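One structure is given here, and the rest of the page talks about it.
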Amino acid sequence: RRLAAARTVPHHVDGEHQAKVLSQLVAAMAAGDTERVVAMLSPDVVVLSDGGPKRHAARRAVVGRHRASRLLLNLAARTAPSMTFEIIPANDGRALLVRDGGQPLLWMTISCDAAGRVGRVWSQLNPDKLRHLR
């Protein structure tokens with residue numbers, strides 16, 4: 001009962017708002033702006049990622065704005081000049097598609113809480129699951 005009471009329900013936002021929040025988050029990550037990234041995240045944000053056997057990803061959910069911001073900023077610091085970033089329509093919303101040398105490298109989407117902060121981040125790094133994006 002306590003877990004059910006503590007569960008946050010994702011707030012549905014339209015695709016345009018989701019794209020705006022996602023773009024702002026990516027810009028803050030690219031700038032290395034820790035304060036801005038932390039401010040954009042819900043206190044109980046959860047980051048989930050799927051790397052599979054071919055790509056490294058967090059094996060467990062990363063919970064909390066400080067741990068999540070550290071992870072996101074560390075990932076952003078690993079970008080290469082050959083990478084491109086694009087917001088694309090996905091699953092009735094928007095997602096960030098990162099390509100390296102034209103090949104899909106990462107697909108990331110978010111949900112927002114009622115206050116408009118990022119409540120969940122889902123990342124797909126498994127190349128077998130990104131094949132359809134080529």
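A few remarks follow.
- Positions within the stretch 20-49 being open to solvent by 40 Å² or more (accessible area, probe 1.4 Å), touching a residue at least 40 places away in the same chain (Cβ under 8 Å) and under 12 Å from the mean Cα position of the chain (by Cα), in sequence order: Ser23, Leu48, Ser49
- Residue in the stretch 77-93 that is of a type in the set (A, V, I, L, M), open to solvent by less than 30 Å² (accessible area, probe 1.4 Å), out of contact with any Gly (no Cβ under 8 Å at 6 or more places or on another chain) and closer than 19 Å to Val38 by Cβ present: no
- For the stretch 106-134, a residue qualifies if it is over 9 Å from the mean Cα position of the chain (by Cα) and open to solvent by 40 Å² or more (accessible area, probe 1.4 Å), and the qualifying residues are Ala114, Ala115, Arg117, Asp128, Lys129, Arg131, His132, Arg134.
- Each residue in the stretch 50-66 was checked for being open to solvent by 60 Å² or more (accessible area, probe 1.4 Å) and farther than 18 Å from Ala31 by Cα, and 7 of them qualify.
- Here Gln103 meets each of (1) buried (at least 20 other Cβ atoms within 10 Å of the Cβ); (2) within 21 Å of Pro53 (Cβ to Cβ); (3) modelled with pLDDT of 90 or more with one exception, condition (1).
The values are calculated or read from the model by the stated rules, or taken from the named source; none is laboratory data. Since the structure is predicted, the reported quantities are computational estimates derived from the model, not experimental observations. Glycine gets a Cβ as well: all are built from the backbone with ideal geometry, and neighbour counts include every protein chain shown. Keep in mind that these areas ignore ligands, DNA and RNA; they rest on the heavy atoms of the full protein, side chains included. Shrake-Rupley method; radii C 1.70, N 1.55, O 1.52, S 1.80 Å.
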